[in-house]
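Scroll down for the structure; my scribbles are underneath it.
We did not get these values from a lab; they are worked out from the coordinates using the rules stated. This one's a predicted model, so the numbers in the text were calculated from it and none came from an experiment. All Cβ positions, even for glycine, are placed from backbone atoms using ideal geometry, and neighbour counts span all protein chains on display.
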Amino acid sequence: MCGIVGYIGERDAKKVLLDGLLRLEYRGYDSAGIALRTENGIEIKKTKGRISDLERIVGDCCTNSMCGIGHTRWATHGEPSQRNSHPHMSADGRVTLVHNGIIENYIQLKLMLESEGVVFKSETDTEVAVNLIAKYYKSDPLEAIYKAMNDIRGSFALAIMFDGSPDELYAVKKDNPLIIGIGNGNHENFIASDIPAILKWTRDYIVLGELEVAKVTRDGIYITDKHGAPVEPRREHVMWNYDAAEKGGYPHFMLKEIFEQPTVLRDTIGPRIKDDGIATFEDEGLTDEILRNTKRTYIAACGSALHSGIIGRTFIERLAGIPAEYEVASEFRYRDPILYPDDLVVIISQSGETADSLAALRLAKAKGLRTVAIVNVVGSSIARAADVALYMNVGPEIAVATTKAFSAQVAMLLILAIQTAKAKGNLTNEKLQELSRELSHLPQLIGELMPLYESTKQLAGHLAQRDHIFFIGRGLDYAACYEGSLKLKEISYIHSEAYAAGELKHGTISLIEPDTPVIAIATQKEIFEKTVSNIKEVKARGAFVVLITGKGMYDANGDSYADYVIEVPECNELLLPSLVVVACQIISYNIAAVMGCDIDKPRNLAKSVTVE
């Protein structure tokens, strides 16, 4: 969740760290701080609040420092405050570090350290880690880190400075992302939680492996495993550039990423439609043979990725003719699921670092099941752990509320369903080619929705005045409701719920009163009339109905039951949830903009959820 950055080289470390933290602020923004190595030792500046608050506190200090570490926090242990913010220094002043993760046994460790005379200043588990390393630090930093790792139970990514090693930074990770940026001969190297933090200076990096420790100097990177044996690192190169992580003239990253969806979907879909005209992941390691032998598919994910899985379940069942289930990743392993050898487990995560999804993947692998990861970040933990990694390649998604990654996930799941149907012989080649061709038109169809940004601003002004908004639909429309509702609540803070339209009368309709907004989704022709009946039920009780439907499906001259109508383009009904969700993204963005919300950094949220 938190963001870590470290630098050693010949530049002004303060500027590098502050710039890197600003680009990691989507990972947490309760507090922030930096530690800089100076002629007088390590100097720490930290504060509650955003990076802009930290910049004011730092001011003109430490301009000669060329080594340091920084942190932007999403609070877990201890309220957001100056004393709980990172970096933390050991009580004896010999070790300073920043931490992303949760130390599960910190209370036992804290009691042990207190019995030895350590006085703690914060409420954090991180201060336990820094004092534990200091306890073991005699003269060898690596030895101290290895011993502390053996005592710590939980997850961590650490960037560490030792007072006796002024020309070195250290990094170690377990279950949380950490990369080492390669300075490419410029007498500098970097540590970061994610690529955007270092993209201004390098596009080459190393993904630190589990329980690996990196010693980082100006001129070298030395990595050892948990036994102290040298590790030959694998160098990665990010394809997108620094400009891709900038707003490009848009007021918010979220709006930029909404408008990027036609382009990124072309990049996601196009290369996967092969010479025979059928979409497939065959070239990426997911072979027809694997899918032919699959009897059931599990989709495990969290948040918006889970919602894409709810839509994807219908794709697989309708096209491939095999059972498919979606699972909340945080519940998957705790309910002791009944799994069979021929099950395929699909894990979806934009960052590839979602802790609960990674745990679900590990459970599946422990039971001997084949696993597939749908991720965006190359070399991420989930991608490396899965049997097959399928990359969305949508570039950096900076806004906390996902847009383009969600749309790519849905498209990837439709490709999976098409290929599974082919492998099972469930559809003719002609039908598979038709579906693939229609999927290739999805970017154009989404592009046709972009004028909604201007046309729904007045609607947004009306909805922004309401405390509660309900989303209703049936079938795939109901699946789209989940994401539409989440997008609204996470960036506008308006209470919102998604309901199956047919379930309203079983209790929830009691909440409908005059002018209660109901966003009704009705795009599926076979069940359109049934959904309309449910819409009329809320309309009869005074609801303000926003109808999202297919082109030409609503007869305004007949029985009027909608106060505002949004039509999405005609297309294959399997593509309609993608169009509906984009419309909901735009409406939610406009509502949040009217309300003056911090759209890219909603309160209490972070982009990459790396703790359970």
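Here are the numbers:
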| quantity | calculated |
| --- | --- |
| Fraction of beta bridges assigned by DSSP in the chain that are antiparallel (%, nearest 5) | 60 percent |
| Per-peptide average of other Cβ atoms within 10 Å, ordering 147-153, 66-72, 355-361, 467-473 highest first | 66-72, 355-361, 467-473, 147-153 |
| Residues of type lysines that LYS539 reaches as a straight line, Cα spacing below 25 Å, ignoring anything fewer than 8 places off in the same chain | LYS457, LYS487, LYS489, LYS505, LYS525, LYS530, LYS551 |
| Prolate/oblate/rounded label for the range 452-595 (Cα gyration tensor, a/c 1.5) | rounded |
| Net charge of Cβ neighbours under 13 Å - reference PRO569; Lys, Arg +1; Asp, Glu -1 | -4 |
| Residue-count net charge about ILE57 - beta-carbon cut-off 10 Å; Lys, Arg +1, Asp, Glu -1 | +1 |
| Stretch gain in nm, segment GLU284-ASP140, where the contour uses 0.36 nm per residue and the Cα spacing is subtracted | 47.5 nm |
| Nearest-ten-degree value, helix 404-424 long axis tilted from longest Cα axis of the chain | 70 degrees |
| Cα long-axis angle, helix 576-595 against the chain (0 to 90 degrees, to the nearest 10) | 60 degrees |
| Spatially proximal aspartates and glutamates relative to LYS48 (Cα-Cα < 16 Å; intrachain offsets below 8 disregarded) | GLU25, ASP30, GLU79, GLU123 |
| In the range 125-216, the GluC sites (Glu not before Pro) that fall in loop regions by DSSP, at most 15 other Cβ within 10 Å | GLU210 |
| Difference of contour (0.36 nm per residue) and Cα-Cα distance, ASP342 to LYS457 | 36.4 nm |
| Shape category assigned to the range 3-240 from the gyration tensor of Cα positions, a/c cut at 1.5 | rounded |
| Segments 414-421, 16-23 sorted - mean Cβ within 10 Å per residue, highest first | 414-421, 16-23 |
| Under the Karplus curve 6.51 cos²θ - 1.76 cosθ + 1.60, θ = phi - 60°, whole-Hz ³J(HN,Hα) for the range 486-496, x wherever Gly or Pro sits | 4, 4, 5, 5, 6, 10, 10, 6, 6, 5, 9 |
| Of ILE290, ILE521, SER81, farthest towards positive along the dipole that unit charges on Lys, Arg, Asp, Glu beta carbons give the chain | SER81 |
| Rounded tilt (10° steps) of 106-115 against the dominant C-alpha axis of the chain | 20 degrees |
| Cα convex hull of the chain - mean projected area over all directions, nm² | 28.1 nm² |
| Descending principal axes extents, the range 253-447, alpha-carbon based, whole Å | 43, 42, 25 |
| DSSP beta bridges in the range 254-413 [antiparallel fraction, %, rounded to 5] | 5 percent |
| Assigned charges on the beta-carbon of Lys, Arg, Asp, Glu; the chain dipole about Cα centre (debye) | 420 debye |
| Candidate lysines for bridging to LYS295, where Cα separation is under 18 Å - those fewer than 8 sequence places away on the same chain excluded | LYS365, LYS367, LYS422, LYS424 |
